[in-house]
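The structure under discussion appears below in the form of structure tokens.
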Amino acid sequence: MEKRLKLFREKIKEKKLIEGALEVLQWDLETTTPKKGKEHIAGIVGYLSMKEYEITTSKEFEDCIEYLKLEKEKLNEIERKEVEELSEDIEKMKKIPPQEYQDYSELVARTQGVWEEAKAENCYEKYKENLRKIFEYTIKFANYHRKDEKNLYDVIIQEYEKGMSVEKLDEFFMALKTEIVPLLKKIKEILPRENIIYYGDWKNNPYSEKSEEEIRSFSREITDFLLRNNCKAIVVGCSIFSTASLEYLKELNPNIIIVGMIDGGVNSAILESENKKIAVMGAEFVINSNIYERKIRELDSDIILYQIPCKKLCGMLEKGWENFPDRLEILEEYLKNIPRDMDTLILGGTHYPIIKEDIQKFFSKKIVDSSVESVIELFKELGEKNLLREGLKKGRVEFYINGDREKFRKIAEELLESKDRINIFSIY
């Protein structure tokens, strides 16, 4: 075991040295390399890339990885993760012919030089042919790696975001249209001077399939990112996230304003209801947690609450409400059993305001939009702590996306003002 671990560490060290050298050469191509020297550096990149290829695909290294996989219980957590990732790398790299791998590596390095020239001369036509060749290699390699994926782009996407697919991306962007943008617009309307950072966590979506522990882990990472960027308040713009992690985040960050999607709706519904009989509709995870029951009981134990778990609605809204011809029948099935004496309905999902007109076909009394109430709650807390931004200048919006920035930008063009669309950044 020790012998294999020693070999494993030696090979990892070799790979990291080569990767470090390649990063230095990449930086050099982007900054100081003279035009005539770029072709020479591209050749060096190709040579070093082949050295890494040879290490990764060697029988000695592959046998070592296979042995460690069998003995994984004896490895620590970091070693197990490294072995797992390297096993996948070996499988993928072995499917690529060596000469193609070298040619591709040299092409990418050469293209960096062309890109720098194109930018300097503001002439991007000269970059076009290299880019086309890179696309061709990307598609060819994806075909080598393809297993049972029906969509070739799923293979390509997973090179950047493991577990991601075109279908999941489409669902994310539909959620962006139906859920996040209305909330964002409401914040800008009520708090126009505030600077806003939006963090789009698509690689972990859908949250309805995740455990409470996983959601808390995601929310902690996102919160840490926002705090590193000097946010004075955080809005958890998701009912499932709010249910699973709001109190947890508040405990971790007692000096920061953190607002979720539950409390504002509860407070408003209690004020609106005249006979103390309230209904709430929401995702199964949210309703089954009984968070609305607990919150309402804390404020008024006399209120009667009727809860409606809407298992299908979230997925339908994310995939496009209009795409489902039976949508009204499904919605009616959820709402038809609301007791007639209930006078207030809480929309317990940030998607639901999009279909408020359809909901009103089956519930014609008072309807409370939790997302709107949460923004009002945010305004109130900022005011109470004297943290409202003053002045005559409107705030800016920055978008941080842990995925394909350009695909997000295309959606943003449909939904956001042009001045907001320039501040879109990728996080990996």
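The values are calculated or read from the model by the stated rules, or taken from the named source; none is laboratory data. A quick note: this is a predicted structure, and the numbers were derived from the prediction, not measured. For neighbour counting, all protein chains shown are included, and Cβ atoms are generated from backbone atoms with ideal geometry for every residue, glycine included.
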Fill in: Check on residue 187, at pLDDT below 70, buried (at least 19 other Cβ atoms within 10 Å of the Cβ) and of a type in the set (Val, Ile, Thr)
no
Fill in: Which listed residue is under 22 Å from residue 373 (Cα atoms), of a type in the set (Phe, Trp, Tyr) and either out of contact with any His (no Cβ under 7 Å at 6 or more places or on another chain) or outside any helix (DSSP H, G or I) (or both), from 334, 306
306
Fill in: Index of the failed condition, residue 373 passing every other in (1) in a helix (DSSP H, G or I); (2) more than 26 Å from the chain's Cα centre (by Cα); (3) buried (at least 18 other Cβ atoms within 10 Å of the Cβ)
(2)
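Residue-wise test of (1) more than 22 Å from residue 103 (Cα to Cα); (2) of a type in the set (Phe, Trp, Tyr); (3) not in a helix (DSSP H, G or I).
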residue	(1), (2), (3)
3	yes, no, no
8	yes, yes, no
19	no, no, no
24	no, no, no
29	no, no, no
49	no, no, no
Item to complete: Consider only pairs whose beta carbons are under 7 Å apart and that are at least six residues apart or on different chains; among these, list those whose first residue lies in the stretch 369-385 and is within 16 Å of residue 184 (Cβ to Cβ) and whose second residue is basic (Lys, Arg).
Response: 371/186; 372/186; 375/186
Item to complete: Would you mind telling me which numbered condition in (1) touching a helix residue (DSSP H, G or I) at 6+ places or on another chain (Cβ under 7 Å); (2) more than 21 Å from residue 390 (Cα to Cα) residue 191 fails?
Response: (2)
Discussion item. The conditions are (1) buried (at least 22 other Cβ atoms within 10 Å of the Cβ); (2) out of contact with any Leu (no Cβ under 7 Å at 6 or more places or on another chain), and residue 235 fails exactly one of them. Which is it?
Written reply: (2)
Fill in: helices (runs of 4 or more DSSP H) contained entirely in the stretch 61-160, each with at least 2 residues that are surrounded by fewer than 13 Cβ atoms within 10 Å (Cβ to Cβ)
77-94, 98-121, 125-145
Fill in: Residue count for the stretch 13-25, restricted to those that are out of contact with any helix residue (DSSP H, G or I) (no Cβ under 7 Å at 6 or more places or on another chain) and surrounded by 15 or more Cβ atoms within 10 Å (Cβ to Cβ)
0
Fill in: Subset of the stretch 309-331 [assigned to a loop (DSSP other than H, G, I, E, B) and either buried (at least 17 other Cβ atoms within 10 Å of the Cβ) or aromatic (Phe, Trp, Tyr) (or both)]
310, 324
Worksheet item: Quick check, is residue 25 of a type outside the set (Lys, Arg) and touching a residue at least 12 places away in the same chain (Cβ under 8 Å)?
Response: yes
